[in-house]
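One structure is given below, encoded as structure tokens.
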Amino acid sequence: MSRVALVTGAGSGIGAAIALRLAADGARVAVNDLHLNAAEETAAAIIAAGGEAMAVAADVSDETSVSAMLDQVRATLGDPQILVNNAGFGHQAPFTEITPEQFDRMFAVHVRGNFLCTKACLPAMLVAGEGVVINVASQLGQVGGVELVHYAGAKAAIIGMTKSLAREVSSRGVRVNAVAPGPINTPLVEALSEDWKAAKRAELPLGRFGEVAEVAGSVAFLCSDDAKLYVGQTLGPNSGDVML
């Protein structure tokens, strides 16, 4: 039987590309998004391509909503053997203009959402003795970003969580890794200022932003048996912005 994958924030952008790629690789995919219609569009694209998918709406920052989402996924597809924590959003502002509410929401979606979804999926993986958790971070969590303190801080927290959980559960068969994309041509990046984007392109050794399919390829690799030695790692499809 093919593996079940849950991809959060998969109604568009990187999440949608990941869902489509995992389905193409044979996974049965639960497509999550805050907005059901967006999740349904991605699920429909998977089904049209001959794959199996379901759409499920949930706010990943809300424990009750996450629990209800997992109930739906289990009832339709079964327990996820793959979890991709991708849900997130962008916001740009000088540090002195970031409100406590904006800061809290950034960490609620990115960090609390990662925690809640992993906490919901992990027990079944541990019982089965196998599973894959992939956390979508950002290269800004490694190097920081001007007017992106709250976003970069949340992504740095995700990288730290990835390493810590990998140390805790790898010996029990669950591999935990992260990807930290650089600027990718998505609505999230398009929402940033033109000055920021022009300056960022000039910094990149490749001289261009990435495409969503290029990030999905990294995630697909980490989900595959070829990545069995990858534990607590952060892969960087980032156009050369960060070199480790």
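The values are calculated or read from the model by the stated rules, or taken from the named source; none is laboratory data. These numbers were taken from a predicted model, which means no experiment stands behind them. Methodologically, a virtual Cβ is constructed for each residue, glycine included, from the backbone with ideal geometry; neighbour enumeration extends over all protein chains shown.
Within the stretch 158-199, if we keep just the residues that are buried (at least 18 other Cβ atoms within 10 Å of the Cβ) and in contact with a Phe, Trp or Tyr (Cβ under 8 Å, 6 or more places away or on another chain), the residue that is nearest to Ile134 (Cα to Cα) turns out to be Asn177.
Filtering the stretch 29-58 to residues that are charged (D, E, K, R) and either without any contact (Cβ under 8 Å) to a residue 24 or more places away in the chain or surrounded by fewer than 19 Cβ atoms within 10 Å (Cβ to Cβ) (or both) leaves Glu40, Glu41, Glu52. Scanning the stretch 155-194 for residues that are under 21 Å from Gly13 (Cβ atoms) and within 13 Å of the chain's Cα centre (by Cα) returns Lys155, Ile158, Ile159, Thr162, Asn177, Ala178, Val179, Ala180, Pro181. Of all residues in the stretch 131-183, those satisfying the criterion of being farther than 12 Å from Gly232 by Cβ, of a type in the set (A, V, I, L, M, F, W, C), assigned to a helix (DSSP H, G or I) and touching a Leu at 6+ places or on another chain (Cβ under 7 Å) are Leu140, Ala152.
Only one of the numbered conditions (1) over 18 Å from Phe89 (Cα atoms); (2) crowded, with 20+ Cβ neighbours inside 10 Å; (3) of a type in the set (A, V, I, L, M) is not met by Ala75, and that is (2). Residues in the stretch 204-213 include at least one that is free of Cβ contacts under 8 Å to residues at least 40 places away in the same chain and surrounded by 17 or more Cβ atoms within 10 Å (Cβ to Cβ). Does Leu206 qualify as being part of a helix (DSSP H, G or I), among the hydrophobic types (A, V, I, L, M, F, W, C) and more than 19 Å from Gly113 (Cβ to Cβ)? Spelling it out, it is not the case that Leu206 is part of a helix (DSSP H, G or I), among the hydrophobic types (A, V, I, L, M, F, W, C) and more than 19 Å from Gly113 (Cβ to Cβ). Number of residues in the stretch 78-97 that are over 12 Å from Ala30 (Cβ atoms) and surrounded by 14 or more Cβ atoms within 10 Å (Cβ to Cβ): the value is 9.
For (1) touching a His at 6+ places or on another chain (Cβ under 7 Å); (2) modelled with pLDDT under 95; (3) under 22 Å from Glu168 (Cβ atoms), each residue gets a yes or a no:
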| site | (1), (2), (3) |
| --- | --- |
| Gln72 | no, no, no |
| Gly78 | no, no, no |
| Cys117 | no, no, yes |
| Cys121 | no, no, yes |
| Leu126 | no, no, yes |
| Val133 | no, no, yes |
| Gly141 | no, no, yes |
| Val146 | no, yes, no |
| Gly153 | no, no, no |
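Residue count for the stretch 1-17, restricted to those that are of a type outside the set (A, V, I, L, M, F, W, C) and under 9 Å from Ala30 (Cα atoms): 1.
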